[in-house]
Every structure is written in C-alpha cells, then in structure tokens.
Amino acid sequence: MTKELTKWIAAHRKGNPYFSANFWIIWSDLDEDAFTSTGRFSQNSATLGPLEKGAHVSIHKRSGREISTWFWFLPISTGSVKFVLSVGKARETTRLTYRLLSRFQGKAQLYPIGHELIRAAVRLSNNFRFEDTEILRGVSYPNPPNEGGAEIDISPGNAKDFFDRVNEGHRLLKLARIRAPYAENSFCEYTVHRIGCLSFHEGAPEVFLAMLTEHLAPRIVEAAKPYQKTTGQFVTYKFPTPIFSSPDSYGYVVDALKRLPHSAVAVLHANPYFHALLTNYEDGRQFDVYITDPSTIFVEGHGDIQPASFVRVQNSIALVFQDASIAVERPRKASLKDFLGEHV
C-alpha cells in the first residue's frame, strides 16, 4: 500500500504548486477495525488511488455554505498512533477534522506536536546535519500568554539558527515549513503543524512517509507512555520556567481548558491556589485540575480514564503553553499549608 500511495501522491503533486497531503496524527487505543468502524470509514466510499477506507465529513457554516472533505485511513499505524489523510489546505480542514473525531466520543484525539517532536521531524536522513535543513517559514505566538503579543513570523534560516531564535524569543511554534535534504540535491518540503498534522508538499513521498512512520510515530508513542497507567494517579505537566507566579495567571489555564469543544470548566478555587473541575461531554469523564506551584499543572481523572482523554487535555494545554514534561505521580496527602502557603 505504501508504494501505491507514494505513486499516487507523486502523480497528483505534479503541476499543482499548492499541493498538500495532510497526515493527521491521531492517538487512539482502538484497534484498526474498531477505529475504522467508529469513524465510519466505509470501504464502499469514493476511493483515492490505493485507499479504500474513506470517511466523508461536512459542516454547514452559519452563512449556509457547506464545506466538506474526505478523510482516508492509512493502514500504517504504529500502535496507538493512527494516521488519517486529507488533501487540501490543512487550515481549512481543521474544523472538519474535529468533526470526524467527534464520532469517536473521546476515544480518539489529535496528538499535539511540540518543539521536540518538530525538531525530530526536521531530518530525513542521517547523512545530513540538523543545520542542513532549511526552515522556510515559522509562525509563532507568545509564551507564556501573559507576555502579550500576537502571532508573528520567525525569520527563516537553517534549522539550528531557527530553533535558537525560537528559544531565545520564548515563542511557541504554531507551524514550521521545512525543506529537508535526503540525498545530494534532493529535498522534501513539508509543514509541521503544532495542532497535530504534517502536510507534504513536494519531494519523494516515500522518504517523508518513512520519517513519519519509522521515526516520528515511535517518538510519539514513547512521549505518551505516562498515560497508560493513570487510574487513581495525577498526571503532571511541569514547565521549564515558572508560569503561574500570581493568581492572575490562572486565567490562562481556564482559557486553555475552554478551548476544548463539548466540555465545561468550573473554577472551584482561584486564590491563592487553583482548582477547577473539567467535564468532557464527549465521553462523560471528569478531571480535577490543580495548580499549587508556579511551574506545574496537576490533572487527576475520575475513574478509569482512557489515555485519549488525557491527550485531549494535553492538546488544550499545548496550544497555549510551552512544552511540558509529562509524568504520572501518586496523589500525595496535602496539608492546608501546601495549598495556602504563607497565607496560613
């Protein structure tokens, strides 16, 4: 299938300067049959070259105009990491992707691509250095949010200098358009979107797919391992710098959680410590969200929470805050002084 798919991509890319084959990275513990049946990927759908399992998704906008697209399931999954393909501009397909995911009732979520995963996607061949890759465009936004500012482009350049500028400017990458070599005078051009998508534009599709399935997907599986044993535990998101220096900064956490569709946030405490209840209406699960120190968010799920539900929470956090290290900890007995600090 991979060989046929690469031929199809190469054929359809010719003569189309705006070609985008979007590979959506979806985290789900469902097996292939359950995933395709739940997502209503029908073998009788319109086919796209070698792909048979397609799902049609449409949305009627407030203007009355309908937007729609086809998504095709790619049988090249790596465990819990699934790949779904769409064609067209990723920005215009994002709403349709979330509509597709709503069919899974919380059992499938986009996996956010943070800085380390973007860096992992920069090289296509070990024969070339990290700095041999060119970043053609980078769009970023403030980190942390309370520093103000808006989305801005970061000056292009080689990958090393580019990521140095991102780190020095304390910015979050929304997307990066990459031109990476894989042989002498041979390149692939593709875009990595923080939201959980890689868009292939030109080059050798088989080289790009090898990076995606053999290199990036295992890294994602490894990064999400802490979610596999979360019953009765806290999942902690620890940031490298203090973000929550005052109760005013807690509002950015509320804003992040409110980004989640089909969910509700109830703030129980906001001064001097933070405690909110997050309800996910997709699967009926609830989470307690705590902040008791300046650099950590604690999330505790009620009952036996599926890993995909925690990935959903991570997605909302990752789109607002810098990359966090993720760990699972046993709930510790906390005294009132732990929460109130010098206020008691």
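So the values come out like this:
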item	result
Segment 190-203, residues that are under 18 Å from Trp8 (Cβ atoms) and part of a strand (DSSP E or B)	Tyr190, Leu198, Ser199, Phe200, His201, Glu202
Flag if Val166 is at pLDDT below 90, part of a helix (DSSP H, G or I), buried (at least 16 other Cβ atoms within 10 Å of the Cβ) and not assigned by TED's automatic domain parsing to the domain that holds Tyr252	yes
Residue in segment 278-302 that is surrounded by the most Cβ atoms within 10 Å (Cβ to Cβ), counting only those that are polar (S, T, N, Q) and farther than 21 Å from Gly106 by Cβ	Thr296
Counted residues, segment 84-117 - those being under 18 Å from Glu214 (Cα atoms) and at pLDDT 90 or above	2
Qualifying positions in segment 153-188 - in contact with a Pro (Cβ under 9 Å, 6 or more places away or on another chain) and hydrophobic (A, V, I, L, M, F, W, C)	Phe162, Leu172, Phe187, Cys188
Test: residue in segment 104-115 that is out of contact with any helix residue (DSSP H, G or I) (no Cβ under 8 Å at 6 or more places or on another chain), free of Cβ contacts under 8 Å to residues at least 60 places away in the same chain and assigned to a loop (DSSP other than H, G, I, E, B)	no
Lone qualifier among Tyr237, Tyr281, Tyr252, Tyr290 - being aromatic (Phe, Trp, Tyr), in contact with a Pro (Cβ under 6 Å, 6 or more places away or on another chain) and not assigned by TED's automatic domain parsing to the domain that holds Ile25	Tyr252
Residue ID - surrounded by the most Cβ atoms within 10 Å (Cβ to Cβ), chosen from residues in segment 250-277 that are over 14 Å from Asn315 (Cα atoms) and in contact with a helix residue (DSSP H, G or I) (Cβ under 6 Å, 6 or more places away or on another chain)	Phe274
All positions within segment 83-103 that are of a type in the set (A, V, I, L, M), in a helix (DSSP H, G or I) and within 13 Å of Val57 (Cβ to Cβ)	Leu96, Leu100, Leu101
Tally of residues being charged (D, E, K, R), at pLDDT below 90 and within 24 Å of the chain's Cα centre (by Cα) across segment 13-31	1
Only listed residue being within 30 Å of Ile9 (Cα to Cα) and modelled with pLDDT of 90 or more, chosen from Glu131, Glu222	Glu131
Positions within segment 303-321 being surrounded by fewer than 18 Cβ atoms within 10 Å (Cβ to Cβ) and within 13 Å of the chain's Cα centre (by Cα), in sequence order	Leu319
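The values are calculated or read from the model by the stated rules, or taken from the named source; none is laboratory data. Predicted model, so just to flag it, every value in this text is computed and none were measured. No Cβ is skipped: glycine too gets one built from the backbone with ideal geometry, and neighbour counts run over all protein chains shown.
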